[in-house]
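Structure record follows, encoded as structure tokens.
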Amino acid sequence: MPKTAPFEEHTGRYEQWFETHEAAYRSELAALERLVSPAGDGIEIGVGSGRFAGPLGMDVGIDPSAAMLGRARERGIEVVRGVAESLPFDAATFDTVLILPAVTN
């Protein structure tokens, strides 16, 4: 697993950024809504707290951070702990795959 300590320790700060910068979040979400079709089964790789997955119709999210996945689960996302390099799904499982900017180390 990658280093997840910052995301485990600062989940609240991550969430607060979106509250503080709501206009930026809503602008990015609006741009993505024009590009992402909510039809079919979707997954967000690097789902984090699920801020984008839910509004964009992604049913499943995968992320290495347990704390972030807890937030995503609260938003109704089916969560899986894991990494993009080793997805626990067959190739044709999803109709849409969403990968937004993710921080890796």
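Each reported figure results from applying straightforward, stated rules to the coordinates on display, with no laboratory input. None of these values were measured; they are calculated from a predicted model. Cβ sites come from the backbone with ideal geometry, for glycine too, and all protein chains shown count toward neighbours.
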Just name the residue that is nearest to residue 27 (Cα to Cα) out of those in the stretch 64-105 that are without any contact (Cβ under 8 Å) to a residue 40 or more places away in the chain and among the charged types (D, E, K, R). 75
Which of the residues belonging to the stretch 1-27 are farther than 25 Å from residue 86 by Cβ and in contact with a Phe, Trp or Tyr (Cβ under 8 Å, 6 or more places away or on another chain)? 18, 25
Looking only at the stretch 1-50, which residues are touching a residue at least 40 places away in the same chain (Cβ under 8 Å) and aromatic (Phe, Trp, Tyr)? 7, 14
Condition test on residue 98, is it surrounded by 17 or more Cβ atoms within 10 Å (Cβ to Cβ) and either assigned to a loop (DSSP other than H, G, I, E, B) or touching a His at 6+ places or on another chain (Cβ under 7 Å) (or both)? no
